[in-house]
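Please treat every number below as a calculation from the coordinates, not as lab data. Nothing here was measured: the structure is a model prediction, and the numbers come from that model. We place every Cβ from the backbone using ideal geometry, glycine too, and count neighbours over all the protein chains shown.
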Amino acid sequence: MASALERQDPAVYAAVVGEERRLREHIQLIPSENYPSAAVLEANGSVMTQKYAEGYPGYRFYQGCRWVDEVEDLARRRARSLFKAGRANVQPHSGSAANMAVYFAALEPGDTVLALDLASGGHLTHGDPVNFSAQLYNFVHYGVDPEMEQIDFDQVARLAREHRPKMIVTGATAYPRFWDYARFKEIADDVGAVHLADMAHVAGLVAGGVHPSPVSYAQYVTSTTHKTLRGPRGGLILCQRELRAEVNRALFPGIQGGPLEHVIAAKAVMFHEAAQPAFADYARAVVDNCAVLAETLLSEGLTLVSGGTDNHLLLVRFPDDGPTGRVAAAALEEAGIVVNKNKVPFDTKSAFVTSGIRMGSPAATTFGFRADEFRTIGRLIARVLRNLDDDAVPAAVAAEVRELASAVAARREREETWPSLFTPHEAVTPALV
Ligand SMILES: *Cc1c(COP(=O)(O)O)cnc(C)c1O
């Protein structure tokens, strides 16, 4: 039987099927993406999307909240226990909304905030001139040192003493090294600043025990739920118990209306998954696979920012006379390998052009790629980048990628790897086969 979507709206159905195919036939190396489990998708696609539930469990502005209260409470408890945090707010629609709520809770407009600069890997919401954060607050930026391309703690301490920020933000969207949260806490304490740790990228590694946790070193911790955590698209705020009321108020009614209870249900499923021993194995494999990819790219003669990686992502820096990130990422997509162009430290090119590409292992590891296959992926990437003026190369590599992905998918199914991923519509809709 054709699905309701197929019968009622063939155009949207075709787009969904196309996306499913892209997810199976290309290798997903964008480090902020992942494949959520079938259970997460089921909760995310459930009737809980129907419910208005402004407020918080037990304190709602709407009737009929018995089951959404149940699921939101479950999500909060699971989040607190997973990260050993004082309090959790699971309502942010996104990582950006989570950061905005913490700024609103802790700062007044015009206050000074110290955060990582964008070229060194900081996020839009860490004071990019085009973002609300820079328009409302006075952002000052620390960066990486030009030699090691790692956080320059002397600079952080100096800027903190000089500018007396009300908040210091740690965390990044493109930083391949560990965060030393304890050291940041010391600097923040010294100048009387609060510490917001934005662990959007590394939250799954923290949950899996392969990256230090910021929770005991920061008053506020924000995250996304869809990156290494492998949940639905959304945000999360953790805070110390005594800061809960102001954080909750800042999010609702401060910046959001009704929560997305279907997404919160899916977050609850994800927090449970992330607490399983098998998730720790996953997180370890993500880091190991990324290390193999880094080693392979280095041995192929490419340059990596900071010389390598401690986590789930890496950045390739192209020389001044080399390709732009834009050209390289487009060629790789043609070859079936999806990465993103990204600024590298001290980049002189715009964010739309860039001198680098960013890639990582979380999604491909979930898909089932193992260390040996990451070595193959690294070699294929190098082949594409070495032959950017040969039009035949991307198509040849794409054929190899399809074959590799299909072998890995077949092994996944044979071995019933945990957790089960989405079932493509082709498999349930005979009409299309
Ligand atoms: C991804 C990310 C965010 C924002 O998440 P969205 O859900 O895209 O709004 C915030 N901070 C960091 C460090 C991120 O990497």
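Of all residues being under 18 Å from the mean Cα position of the chain (by Cα) and among the hydroxyl-bearing types (Ser, Thr, Tyr) in region 107-149, which is nearest to Phe178 (Cα to Cα)? Just the residue, please.
Here the answer is Ser120.
Is it the case, given these coordinates, that Glu149 is touching a residue at least 60 places away in the same chain (Cβ under 8 Å), charged (D, E, K, R) and more than 14 Å from the ligand (Cβ to nearest atom)?
Yes.
Condition test on Ser37, is it among the polar types (S, T, N, Q) and either out of contact with any His (no Cβ under 7 Å at 6 or more places or on another chain) or surrounded by 18 or more Cβ atoms within 10 Å (Cβ to Cβ) (or both)?
The answer is yes for Ser37.
State yes or no: is Pro10 farther than 29 Å from Gly258 by Cα and surrounded by fewer than 13 Cβ atoms within 10 Å (Cβ to Cβ)? Full working, then the answer.
On the way: farther than 29 Å from Gly258 by Cα: yes; surrounded by fewer than 13 Cβ atoms within 10 Å (Cβ to Cβ): yes.
For Pro10, the condition - farther than 29 Å from Gly258 by Cα and surrounded by fewer than 13 Cβ atoms within 10 Å (Cβ to Cβ) - is met.
Against the conditions (1) of a type in the set (S, T, N, Q); (2) touching a residue at least 60 places away in the same chain (Cβ under 8 Å); (3) farther than 30 Å from Gln150 by Cβ, where does Asn387 fall short? Just the number, please.
Checking Asn387 against (1) of a type in the set (S, T, N, Q); (2) touching a residue at least 60 places away in the same chain (Cβ under 8 Å); (3) farther than 30 Å from Gln150 by Cβ, the one that fails is (2).
Within 16 Å of the ligand (Cβ to nearest atom) and either free of Cβ contacts under 8 Å to residues at least 40 places away in the same chain or over 20 Å from His126 (Cβ atoms) (or both): which single residue out of Pro253, Pro232, Pro214, Pro277 fits that description?
Working: Pro253 fails: within 16 Å of the ligand (Cβ to nearest atom); Pro214 fails: either free of Cβ contacts under 8 Å to residues at least 40 places away in the same chain or over 20 Å from His126 (Cβ atoms) (or both); Pro277 fails: within 16 Å of the ligand (Cβ to nearest atom).
Unique residue meeting the criteria: Pro232.
Of all the residues that make up region 40-60, how many are among the β-branched types (Val, Ile, Thr) and crowded, with 18+ Cβ neighbours inside 10 Å?
Of the residues in that region, 1 qualify.
Just name the residue that is surrounded by the most Cβ atoms within 10 Å (Cβ to Cβ) out of those in region 220-272 that are assigned to a helix (DSSP H, G or I) and under 17 Å from the mean Cα position of the chain (by Cα). Outline the logic, then answer.
The initial filter retains those residues of region 220-272 that are assigned to a helix (DSSP H, G or I), namely 241-255, 261-272.
When the remaining residues are screened for being under 17 Å from the mean Cα position of the chain (by Cα), the result is 263, 266-267, 270-271.
Working: Val263: 26, Ala266: 30, Lys267: 33, Met270: 31, Phe271: 26.
If we take residues in region 220-272 being assigned to a helix (DSSP H, G or I) and under 17 Å from the mean Cα position of the chain (by Cα), then Lys267 is surrounded by the most Cβ atoms within 10 Å (Cβ to Cβ).
Could you grab me the full set of residues in region 86-111 that are away from the ligand (no atom under 16 Å from the Cβ), crowded, with 18+ Cβ neighbours inside 10 Å and more than 16 Å from Ala245 (Cβ to Cβ)?
Leu107
In the list Thr324, Thr309, which residue meets the criterion of being buried (at least 17 other Cβ atoms within 10 Å of the Cβ), within 23 Å of the chain's Cα centre (by Cα) and not small (Gly, Ala, Ser)? Working first, answer last.
Values: Thr324 fails: within 23 Å of the chain's Cα centre (by Cα).
Every option except Thr309 fails the conditions.
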